[in-house]
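The values are calculated or read from the model by the stated rules, or taken from the named source; none is laboratory data. Keep in mind that this is a model prediction, so the values were computed, not measured. We place every Cβ from the backbone using ideal geometry, glycine too, and count neighbours over all the protein chains shown.
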């Protein structure tokens, strides 16, 4: 956990992700990434030079009309002394039943982020932290290139003017294997997604392609991150 928290601190200092007096909302989906982010920020809160507070937020899509059992995450937040706010939504029925989306992930992500942004503002936060890590960044880069025909990636930090809210991604220097290992070691209460599209997405396909490419081109992910930083692509 110490190495991972150190990388989060390095990202925070490089991109000014955390500043004095910040009230940071953490988007918690129930997956390993968001739970590790929550625990890491809670640990960092105790010694980071700038003082900040945390609030955990979950927008439950209610896939299949069922409520997620979030009681284990509620208990984790109690132990971490982090307020936890849950909002039940109709995202699942809108995406899969009403609209019958053939490619649901992009729309679902945008709608869920919109709900989280509103929740963050309603809870008095000025920043929202998402659990994207280094592997997510590399996958996004190649998906934009091969599927969208553009050289782009999400930003470590971006200002959402319509909400007067800053979005930060503190885990961008953390590899997925480190995140997964930390989640197992801490016995975090990961909630399995009930999304019908889980595991059959374009992102999963790209993850497999990158793993294959790295057998021929070692350190491919590190090279992509380095290239984005040297070119200052999307604020990197």
Against the definition (within 30 Å of residue 21 (Cβ to Cβ) and in contact with a helix residue (DSSP H, G or I) (Cβ under 7 Å, 6 or more places away or on another chain)), how does residue 91 come out, yes or no?
no
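Residue-wise test of (1) over 22 Å from residue 12 (Cβ atoms); (2) part of a helix (DSSP H, G or I); (3) in contact with a strand residue (DSSP E or B) (Cβ under 8 Å, 6 or more places away or on another chain); (4) touching a residue at least 60 places away in the same chain (Cβ under 8 Å).
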| position | (1), (2), (3), (4) |
| --- | --- |
| 213 | yes, yes, no, no |
| 218 | yes, no, no, no |
| 223 | yes, yes, no, no |
| 228 | no, yes, no, yes |
Expected single match for at pLDDT 95 or above and assigned to a helix (DSSP H, G or I) among 41, 107, 57 is 41
Quickly run through segment 71-85 and pick out the residues that are surrounded by fewer than 19 Cβ atoms within 10 Å (Cβ to Cβ) and under 18 Å from the mean Cα position of the chain (by Cα).
85
Looking for something within 15 Å of residue 31 (Cβ to Cβ), under 19 Å from the mean Cα position of the chain (by Cα) and surrounded by 13 or more Cβ atoms within 10 Å (Cβ to Cβ) - is there at least one such residue anywhere in segment 210-225?
no
Restricting to segment 12-28, and then to whatever is touching a strand residue (DSSP E or B) at 6+ places or on another chain (Cβ under 9 Å) and either at pLDDT below 95 or part of a helix (DSSP H, G or I) (or both), can you tell me which residue is surrounded by the most Cβ atoms within 10 Å (Cβ to Cβ)?
12
Considering only segment 60-75, I want to know if a residue exists there that is within 22 Å of residue 195 (Cα to Cα), touching a helix residue (DSSP H, G or I) at 6+ places or on another chain (Cβ under 6 Å) and in contact (Cβ under 8 Å) with a residue 40 or more places away in the chain.
yes
